[in-house]
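Following: one structure in structure tokens, then a few remarks.
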Amino acid sequence: RRRFPRLRTVEPLEYYRRFLKENCRPDGRELGEFRATTVNIGSITTADGSALVKLGNTTVICGVKAELAAPAVDAANKGYIVPNVELPSLCSTRFRSGPPGEEAQAASQFIADVIENSQIIAKEDLCVANGKLAWVLYCDIICLDYDGNILDASAFALLAALKNVQLPSVTINEETGLSEVNLKQKNPLIIRKHPVATSFAIFDDTLLIVDPTAEEEDLATGTVTIVTDDEGRLCSVHKPGGSPLTGAKLQDCITRAVTRHKEVKKLIDKVIKSIKPK
């Protein structure tokens, strides 16, 4: 039921405050409630692994493409993970065609930091032959519909897509020195950690709401994203400016993030179990 519809257009912040005073939001959610979340895996058949995540209206797809390359000289026993987040003009009128904008670049950097800080995959696991050959995983995350909280959706899609990856076995022929790929024998990636992002918008410098929509992000005085792993450990805190947070408020965010981690892990486990061959 919509209340004060005219106020929403003229004074959107005042409109929101009226709801927040009653501990609810215009879409009917409580302050600590996530939007309906769904995940599907394996939807891009041309990719080595893929996932589609919906967080309310926000829709993100992640495709992982694996290629073989020579490892870096200073990391002879490691492969590479190369993430990229795209926010094309088709997902929202706020984005334009052309080179990646500031928000897309920030999201790509955030995902790169999540990969690095959480050790989701040990890069040593991607090495085929020390100093000679390693896997490069190109992780392209594309937003199809933007309605806020791109970081949570992107991190979720990345994790689900990596868990869907199957890499063919590769051997080096000792006589020729060439690599031989066996497409009939494939193995899943070893996922060492399961990082999950939980984002909050800060209203009027004090009030925290979880999983903000695009409208809520625009009206907020700041945002914060907490990344936790399987053991409830903190991988990173991402806070791009805005309102400061007290230690107690930050602890509240971490507690909610640990609960959210369990919810997300359950969703991923369920979808993987449902498509595994009997």
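The values are calculated or read from the model by the stated rules, or taken from the named source; none is laboratory data. Since we're looking at a predicted model, the values are computed, not measured. For neighbour counting, all protein chains shown are included, and Cβ atoms are generated from backbone atoms with ideal geometry for every residue, glycine included. The area values use the complete protein model at the heavy-atom level, side chains included, leaving out ligands, DNA and RNA. Shrake-Rupley method; radii C 1.70, N 1.55, O 1.52, S 1.80 Å.
Worth pointing out:
- Segment 113-179, Rg to Rh (Cα coordinates; Rh as Kirkwood inverse mean 1/r): 1.11
- Local charge for PRO240 was computed over the other residues whose Cβ lies under 13 Å away, with Lys and Arg +1 and Asp and Glu -1, and equals -3.
- By accessible area, using a 1.4 Å probe on protein heavy atoms only, the chain has 51% of its surface on carbon and sulfur.
- Summing Cβ point charges (Lys, Arg +1; Asp, Glu -1) relative to the Cα centre of the chain gives a dipole of roughly 1060 debye.
- Averaged over its residues, segment 112-239 has an accessible area of 42 Å² per residue, based on protein heavy atoms and a 1.4 Å probe.
- Between segment 59-92 and segment 100-118, the C-alpha centres lie 11 angstrom from each other.
- Candidate residues LEU178, LEU162: accessible-area rank, largest first, probe 1.4 Å: LEU178, LEU162
- Taking amide H atoms as placed 1.01 Å from N in the peptide plane, the amide H of ASP147 lies under 5 Å from those of THR58, THR59, each 5 or more residues away in sequence or on another chain.
- Packing order of peptides 69-76, 163-170, highest average first: 163-170, 69-76 (average count of other Cβ atoms within 10 Å over each peptide's residues).
- In percent, rounded to a whole number, the relative contact order of the chain is 18, using alpha-carbon pairs under 8 Å and six or more apart.
- Each Lys and Arg contributes +1 and each Asp and Glu -1, all at the Cβ; summed about the Cα centre of segment 167-242, the dipole is approximately 440 debye.
- Farthest positive-ward along the chain dipole, Cα basis, beta-carbon charges - from ILE81, THR259, SER274: SER274
- In degrees, nearest ten, helix 247-275 long axis to first principal axis of the chain (Cα): 50
- Cα lying deepest toward the dipole's positive end in segment 159-278, options LEU219, ALA248, ILE172, charges on Cβ: ILE172
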